[in-house]
Amino acid sequence: FRGYCSRRLRRLRKTLNFKMGNRHKFTGKKVTEEILSDNRYLLLILMDAERAWSYAMQLKQEANTEPRKRFHLLSRLRKAVKHAEELERLCESNRVDAKTKLEAQAYMAYLTGMLRFEHQEWKAAMEAFNKCKTIYEKLANAFTEEQAVLYNQRVEEISPNIRYCAYNIGDHSAMNELMQMRLRSGGTEGLLAEKLEALITQTRAKQAATMSEVEWRGRTVPVKIDKVRIFLLGLADNEAAIAQAENEETKERLFESLLSECRDAIQAVREELKPDQKQREHSLENDSGKVSNIQYLHSYLTYIKLSTAIKRNESMAKSLQKALLQQQRSDEDGKRSPRPQDLIRLYDIILQNLVELTQLPGLEEDKNFQKEIGLKTLVYKAYRCFFIAQSYVLVKKWSEALVLYERVLKYAREVQSGAGAHRNSLKELPDVQDLITQVNAEKYSLQAAAILDANDPHETESPSQVKDGKPLSERFETFCLDPSLVSKQVSLVHFPPGFQPIPCKPLFFDLALNHVAFPPLEDKVEQKAKSGLTGYIKGIFGFKS
């Protein structure tokens, strides 16, 4: 954006012939009321202010790793305020309309508030932001709805800054409003974002100073790690925000944020576990198998992480069930619709998380905990079997679906018989009685569909029964409805073609050889026998016979 402002300034100066000297010498010029014959002169000053502001925002990001750049950031904000003051002074001219004057005053107040905000002058910043907010609210009421949307958007951007300043002045009720805004919108943007996160962390850190221990399942564990203290203090607020979430998208984002914070806390505990290995082994020997406090704290945080993951997957499963029910009612075509297989995958992950819960160190001998996890496992197994049965119903495998429905009823009755004293821990789980009622209704519907399917004489065979894996070239005489013929994996012929037998190459035998009489060779053999050693010597010395 800073580059855009620079290019826009260059184009405006060239168009207005308002150049600052030449390439050899700089000659400064100022925009005065006398030359305000064109509104583009005001754009010159506005672009100067915007360029300085954008550079300040760029430096703010870089100041996270290079703190010295904060001084340059404040310098550019002061420059932006100076240009805004010049713009406001020029807009007081009679040539400027009332709307532009008010917008210039609001712009000046906003940049002043930003500068005071960075200097941590909370009272002055709050006054500037309030002035800016008041002007924008009046402008929103004075113009059409389309223009009012822009002004109201600016009011919403300024409101968190005002609440933040009010909190720093001493109004602690503003902290709750800031927390609610952060949880609803996933964090603010711009100049306030990092300060708000730091404020929340600072507030929790002050509360964490008084938090020294945590109690879980009858055992009190000291908490000495600051990051873990801050996470445990914010756990209740995050869970409350999830419960009050307006839609599934917001709830999913809050779940991810909570899991991320939990993973960071677990990592901090793991770093403490590494150098404490010998001490933990010694404590295990002295306590007769009782895990150390830091290990038990690690188990507690892991329990929170797995429980949160289970709640998130259960929330996703509920939304998929609603979508699946709406699909069955409407039967609309379009984008990919949810299927029972998607729910099966979610319940598989939940069951895997429950298995990990039973293996947490320090809870192996806790019979009530193991019994509670066992009942939860039965509940989720029942729902998993139910949706597996639903997937079998879709492909008309009636017998398999009926067996799975019976398995669902078996799991549900085991939960009801074994609940007893654990009913309080099962309140958050889906009601198995509703599942039993639904399964009984599905069983009757399934039996009726199976009878109708068996007695239907006009039922066409499935493509797999008709084709038997044969390509189209081998079943021209048989008619069947084959949807695969219009798909990308159509089977027309066997390719590559199979081997076929062919006649082999004939063999030729030479039978005439046995009846052939060769000419006599005795005379040549005898002549060769006479020429022995004497003939050899004569040949050497060149004598010819």
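Surface composition of the range 1-143: carbon plus sulfur atoms hold 48% of the accessible area, using a 1.4 angstrom probe and ignoring ligands, DNA and RNA.
Largest first and in whole Å, the equivalent-ellipsoid semi-axes of the range 1-115 read 26, 19, 11, each the square root of five times a Cα gyration tensor eigenvalue. Taking only alpha carbon atoms, the range 57-110 gives an Rg to Rh ratio of 1.20, where Rh is the Kirkwood radius.
Among the listed pairs 311/371; 69/101; 322/381; 396/470; 79/101; 60/82, those with a Cα-Cα distance over 25 Å are 69/101. Taken about its Cα centre, the range 110-174 carries a charge dipole of about 180 debye when Lys and Arg each add +1 at the Cβ and Asp and Glu each add -1 at the Cβ.
In terms of accessible area, using a 1.4 Å probe and ignoring ligands and nucleic acids, 474, 118 rank largest first as 474, 118. What the Cα convex hull of the range 299-414 gives, in volume per residue, is 105 Å³.
Net charge dipole, the range 69-147: roughly 460 debye, given to the nearest 20, about the Cα centre with Cβ charges of +1 for Lys and Arg and -1 for Asp and Glu.
Only Lys, Arg, Asp and Glu carry charge here, each on its Cβ (+1 for the first two, -1 for the last two); on that basis the range 1-137 has a dipole of about 860 debye about its Cα centre. Each listed q (0.20, 0.21 Å⁻¹) maps to a log10 I(q)/I(0) for the range 58-179 from the Debye sum over equal C-alpha point scatterers, namely -1.16, -1.21.
The values are calculated or read from the model by the stated rules, or taken from the named source; none is laboratory data. Just so we're clear, the structure is a prediction, and the values are computed from it rather than from any experiment. We place every Cβ from the backbone using ideal geometry, glycine too, and count neighbours over all the protein chains shown. Ligands, DNA and RNA are stripped out before the accessible areas are found, and what is left, the full protein with its side chains, is counted by its heavy atoms. Shrake-Rupley method; radii C 1.70, N 1.55, O 1.52, S 1.80 Å.
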